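The values are calculated or read from the model by the stated rules, or taken from the named source; none is laboratory data. These numbers come from a predicted model, not from an experiment. Cβ placement follows ideal geometry from the backbone for every residue including glycine, while neighbour counts extend to all protein chains displayed. Note: accessible area is taken over every heavy atom of the protein model, side chains too, but ligands, DNA and RNA are not part of it. Shrake-Rupley method; radii C 1.70, N 1.55, O 1.52, S 1.80 Å.
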Amino acid sequence: MSNPQQPPAGTPPINIEFPAGLPTQYANFALIMHTPGEIIVNFASIMPGTQSAPIHTRIVMTPLHAKMMLNALAENLQKYEAQFGEIKLPAGSAGLAEQFFGHPKPPTGQ
């Protein structure tokens, strides 16, 4: 069975370029949505004591590319933990995951 992330033999490598001045965005919040043909990931930065977090970056990809990205991220986290040690999630992390990567909640008290 072939690995779908490896290009076929004889395929020239892709030249990845990082433009000078490429802006860097920090995100500690992601709102993930999907349609039958797309996965949409909206990124924001939530600062302590604030009640809003404007979305600053939106990435749209196919479900296949999202799954490949998931696998690549898992592989990189394994390598990171092998080098630096286990990443420990804080207590109540299931709630944190839902809060930071779950579905949007309607405002309360309205």
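Considering the range 19-43 alone, what residues qualify as being among the hydrophobic types (A, V, I, L, M, F, W, C) and in contact with a Leu (Cβ under 6 Å, 6 or more places away or on another chain)?
The answer is none; no residue qualifies.
I'm trying to understand the selection: among the residues of the range 77-89, which are farther than 20 Å from residue 27 by Cα and open to solvent by 100 Å² or more (accessible area, probe 1.4 Å)?
Residues satisfying the conditions are 78, 79, 83, 84, 86.
Yes/no matrix, rows are residues, columns are (1) in a strand (DSSP E or B); (2) modelled with pLDDT under 90; (3) surrounded by 10 or more Cβ atoms within 10 Å (Cβ to Cβ); (4) of a type in the set (S, T, N, Q):
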| site | (1), (2), (3), (4) |
| --- | --- |
| 15 | no, no, no, yes |
| 32 | yes, no, yes, no |
| 37 | no, no, no, no |
| 40 | yes, no, yes, no |
| 59 | yes, no, yes, no |
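From the list 27, 74, 44, which one is under 12 Å from the mean Cα position of the chain (by Cα), free of Cβ contacts under 8 Å to residues at least 12 places away in the same chain and open to solvent by less than 60 Å² (accessible area, probe 1.4 Å)?
74
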